[in-house]
Every structure is written in structure tokens, then in C-alpha cells.
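Notes to accompany the following structure.
The values are calculated or read from the model by the stated rules, or taken from the named source; none is laboratory data. Fair warning: this is a prediction, and the values are worked out from it, not measured in the lab. Reconstructed Cβ throughout: ideal geometry from the backbone, glycine too, with neighbour counts over all protein chains shown. For accessibility, only protein heavy atoms count, side chains too; no ligands or nucleic acids. Shrake-Rupley method; radii C 1.70, N 1.55, O 1.52, S 1.80 Å.
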Amino acid sequence: LNVTEEKFVLDTLAGCTEYKSILDVVVNAFYVQDGRYCPISERNLYIVICYLATFQLEEIGLQHFSRIVKSLDTAKMQQFLRFFFNDLYLNTWIKDEWSHIYNSVYVKENLIDPLLRWQPKVQQLIEKLTDKLSNCSTTVKTSRVTQPKEFNLTVPKPRAIPAPSPAPLPVLPKRQPVSCCSALTVEHMKSHIDVSAIAALQIIFSFVLFNLAPFICFKFLYRIISAVLVLWSQISCEQYLEVVWESVLTKYFEELTKQPQDLIDNIPIKLNTAAILREGALYQRKLEEELKRVENLQQGAGDSSEFLEWQKQMRGKDLEDQLAEIECKRLQGKLSYEEAVLAHQNVTQENKKKADLLREEKAELMHLYAEKRLQEQKEMKELVEQVMEGHKNVKQVKEKIQEYKQQIVQQVCEESGELLRQALEEQEEKNRKRYELIQQIRALESTPSIRHKFVDLTETGGHGLFGEMSVVELRERLALLKEAHKAAEEEKRDQIIHEKQAKEQLILDKLDQISQFRAELGRAAAFK
């Protein structure tokens, strides 16, 4: 910028800052009435135009002002100037609001009257802006239509022609019935199968799979099942049951005779300490249960049907109690819901009453505020009149102020002299006390003092503490504590060794007990 433009910008900035209060009155009212949809970011623009129109229009001229207005947005400037240069607004509320900030005479002579003089010429500028808005043609920007483009998809491969369906499988001829010594054929046997035979077959298979499977190999089990199926296809149901029992038992005992009994009973299984203790506890619990059952039988224990009946009755009673409790809870919930609805209605009514009270209080406060506002305006007018009268007696007031200031200066000088004298006396007293203290310290330093102190380890420090002792006693007590700690460690070490030996003996006993139980179970299984 050159010097003239820079000076103009700086003067405008300084003026907008100085007269910000009266400029804000116009701009805020514009945003409330006509500029409701204008962005708040353009507030400074309207403040600058308002300042130029109010204070700088006679200085810069209408031509320069028109150039500035036309360089900006036409619609916004036309809307703001039409609002600001309205005769009704200038003579009513704008004049009243500015009179609250400055003197009403100053506002009328220096602000309102110049604006009213320039109003006809500015009105012509507003009409030009309106014509420009009506004549300007709106150009609609045509958007380029998006042309669809075909996707570059992979072309699928042609499907292979399915092979022709194969020829139907040839039906095999019926096989000849197996010859057997029995008079019944397979078809006759199948036609006479009843439910009891199927149940018996299930019992035999369950016996084979769950009782004999743990003691025989998989190959032998497969051979038993194959033999059972062959026999099923050859003989009748009654003969089938007898023959199956005989064949299964004979093959089982033959297999047992082939294998040594010791190899079956004493299968090497590696057990850790936890497994040994767990298995020993299992056998011990079984033994205790068996002994308890025998003891109950000796004491005349009867059937448990009465107890089961009583237990069933008690459970039914508990179920009825639970259902009654559930019904009670449901009714309580319903009551609580109704109470909550009533409480909600009561709260709503109370809120309405409170809202009515608040409205009444608000109306009363607004009435008081209006009265207070009128009183403040009256006081402000009285203050302005007093200030105007005070301007006439400026010389007398200045002389009174000058005399008052001289009296204050004289009093301050007297008070400062008194304070200075007191400060000097206090400083002299401090120096005298300091000198006496230094003399006492030097006298104490000049006296000879014993620098060597003889220490007796058998005496206490004499500090008056509980449990105070000499160094010799402390050493003796430490020695005794070390010996006691060493004896406790030895005792604990011996106890750990004894516990370890007892645990090893317990594990060995458990192993013996487990081997005995296993031997008994093996003999019982062989006996069965």
C-alpha cells in the first residue's frame, strides 16, 4: 500500500475500535431482523461499512464510498444499506440506543443529522444496487453426465458337457440258501424273529463288549463277533442263543488258557505319586462304603422306599412353596408398578405447580426489572444534567482539587518522616542486640573445652529410651539370637527329613494295598 491507502486503513481500524459500542448496536440489530441468514463471519465487513457511512462519508465522498460498496457483494450491501439508512430506524431506536452511550445532543447533531442529509443520495445508490440485482442473469453450470463404463470381467470358461448317465446296475440273482443240519432256512428264521430274541441279542453283545473287552485283544473280539453273525444267519433264535453263549465262553476260556494268568493280572503300569494316592483313596472309600452297608444290614436297615416317598412329598411341598413365593413376588411387582405410576402422576402434578410458580416469579421479576430500568434511566439523566452543570464550574472544581491534593501531599510527607524515624530507631536497636550476641559468642569460643571423650562399652547412652542397653549387652544378645536361630534351623531340617520318610512309607503302603485290590479284582473276574 502507498502512504495514503495505509493511512486510510489505519484510521478505519482505529475508528472501528474506538466506536465499537455504537457500531455493535446497528450490526446486532441487523443480524436479528434482516440479516438472520447472513454468516457471522461477515460481521466485521458490516462494522466497517457502518463506520464509513457514519463518520467518514463527508471526508471520503459519496463517489469513493460507492466504489467501495460496489466492489463487495451486491446483495449483502443492498440489504445492509437499506436497513441502516431507514428514516424510521434512524429517528427511533437507533437514536435512543446511541443516546444511552453518548450525550443525546451530540448524537443528534454529529451522528443522526449527517446520516439523514446523506440519506437521499445513498437511496439512489441502493436503487442502483437493486437494479443490478434484478438485471443480473444467473448462469446455471451444467454438470458433466457420468458415462457408464462396462466392467472388465473375466469371461467364464465354457462348461464341460456332462457324461451320459451310466447304465443301470445289473440285478444279481438270489443266492441259494445255506445248507444246514437245522430244518429252518434263513427266510423262515427271519420270519419268526420276535422282540424277545432281539433283546437277548442286545444283552449278549453288551456282555461281550463291556465285560470281556478289557481282558481280551481286539483280534479275538473281532473273531467272536464274526462267529456270532455267522451263527445268526444259520440257525433259529432259540438255538442261536444257546450256541452263542457256548461259543463265546469256550473261545474266551481258550484265549485265557493260551495267555499266562500272571501276565494278565500284573500288567506293568507306570504310576506317579498322585496316581498312587488317588487310586488308594478310591479303594479305601469303596472299602468303607461296603463296611458301612454291611453294618447297616446287621443293624436291621430296611427298604428305602419310605424315605423316597417322604423325599418326594418334601420336594412337592418345596415346589408348592416356590410357586406361592413366585406368585407373591408377581403381585408385589404389580403393586410396585401401580405405586410407581401413582408416584409419577404426583411428580408430574408437582412439576406443573412448580412451573406455574416459576412463571409467576418470572413475571414479577420482569416487572421489577422494568421498574429498575426506568429508575436507572432517570438516574442517568440526572447524572448527565449534573455533569453539564459541572462543566460550567470547572475552574472552581480544579482549584478545590489542587488544594485537596496539596493537603494530601503534606500529610504523606509528615507520615513518611515519622515512619522513617521509627525505622531508624528499630535498625539501631537490632544492631545493638546483634553486637551483644557476637560478644557472647566470642567469649564462649575463648573458653577451653574438653575435646576427648572416654567411651565405656558397659554403660548405656542415657537417652531415656525404653529397652536401652549397652554395647556389651547388645553383642551378647545377638550371639544368643544366632544360636537360637541355628538350633531352629536344625530342628526344622530334622522335621523335614522325618516327613519325607513318612511320605515314602505311605506311598509304599498304598502300592501294596493297590496290588492286593487288583489281585482280588482279577481273581473275582476270573471266577465270574
Placing +1 at every Lys and Arg Cβ and -1 at every Asp and Glu Cβ, with all other atoms neutral, what dipole size does the range 351-453 have around its Cα centre, in debye to the nearest 20?
-> 680
Subtracting the Cα-Cα distance from 0.36 nm times the residue separation, let me have the gained length for GLU58 to GLN124 in nm, one decimal.
-> 22.1 nm
Roughly how many debye, to the nearest 20, is the charge dipole of the range 3-137 about its Cα centre, given +1 on each Lys and Arg Cβ, -1 on each Asp and Glu Cβ, and no other charges?
-> 360
Here the relative contact order (percent) of the range 3-137, from C-alpha pairs under 8 Å and at least 6 apart, is 28
Beyond 23 Å, what share of the Cα-Cα pairs of the range 305-405 remains, rounded to the nearest whole percent?
-> 72
Along the positive direction of the dipole of the range 305-405 (beta-carbon charges: Lys, Arg +1; Asp, Glu -1; about the Cα centre), which of GLN322, ALA340, GLN396 reaches farthest?
-> GLN396
Burial order of peptide ranges 498-505, 31-38 (average beta-carbon count within 10 Å, highest first) = 31-38, 498-505
Want the number for ARG432 to LEU465: 0.36 nm per residue separation, take away the alpha-carbon distance, what's left?
-> 7.6 nm
Taking a cut-off of 17 Å between Cα atoms, list the aspartates and glutamates near LYS312, but don't count ones fewer than 8 places away on the same chain.
-> ASP303, GLU320, ASP321
Based on the Cβ-Cβ distance of LYS20 and ALA363, what FRET efficiency does E = 1/(1 + (r/R0)^6) give at R0 = 30 Å, to the nearest 0.05?
-> 0.30
With unit charges on the beta carbon (Lys/Arg positive, Asp/Glu negative), name the residue among GLN349, PHE307, MET380 whose Cα is farthest towards the positive pole of the charge dipole of the range 305-405.
-> MET380
Considering the Cα trace of the range 460-512, what is its radius of gyration and what is Dmax, both in angstroms?
-> 22.0, 71
Please list, or write none, the lysines whose alpha carbon is within less than 24 Å of the alpha carbon of LYS528, excluding same-chain residues fewer than 8 places away.
-> LYS219, LYS251, LYS258, LYS286
Could you check the simple spin-label distance between PHE8 and GLU403, using points 7 Å along Cα→Cβ, in nm with one decimal?
-> 5.5
Extension gain ALA526-LEU511, at 0.36 nm per residue separation less the Cα-Cα distance, in nm?
-> 3.2 nm
Given a Förster radius of 41 Å and the C-beta distance between ALA274 and ALA487 as r, what FRET efficiency does 1/(1 + (r/R0)^6) yield to the nearest 0.05?
-> 0.70
In this structure, the FRET efficiency calculated for ARG285 and GLN495 from their beta-carbon separation, with R0 = 25 Å, to the nearest 0.05, is 0.25
At a 1.4 Å probe radius, which order do ILE496, ILE40 fall into by accessible area, largest first?
-> ILE40, ILE496
Give the Cα extents of the range 3-137 along the principal axes, in whole Å, largest first.
-> 48, 39, 30
In nm², the average projected area of the convex hull spanned by the Cα atoms of the range 1-83 is 5.6
Label-point gap, in nm, between ARG67 and ASP34 - each point 7 angstrom along Cα→Cβ | 2.5
Log entry: pair-distance distribution for the range 364-427, C-alpha pairs binned every 10 Å from zero, whole % per bin is 17, 18, 18, 17, 17, 10, 2
Once you put a point 7 Å from the Cα of LYS292 and another 7 Å from the Cα of ARG82, both along the Cβ direction, what distance in nm separates them?
-> 10.4
Show which lysines lie in cross-link reach of LYS395 when reach means a straight Cα distance below 30 angstrom and same-chain residues fewer than eight apart are skipped.
-> LYS108, LYS378, LYS381, LYS405
Based on the alpha-carbon gyration tensor of the range 368-502 and its eigenvalue square roots a ≥ b ≥ c, which shape applies: rounded if a/c is under 1.5, prolate if not and a/b is larger than b/c, or oblate?
-> oblate
Taking VAL412, VAL107 and ranking on accessible area (1.4 Å, protein atoms only), highest first, one gets VAL412, VAL107
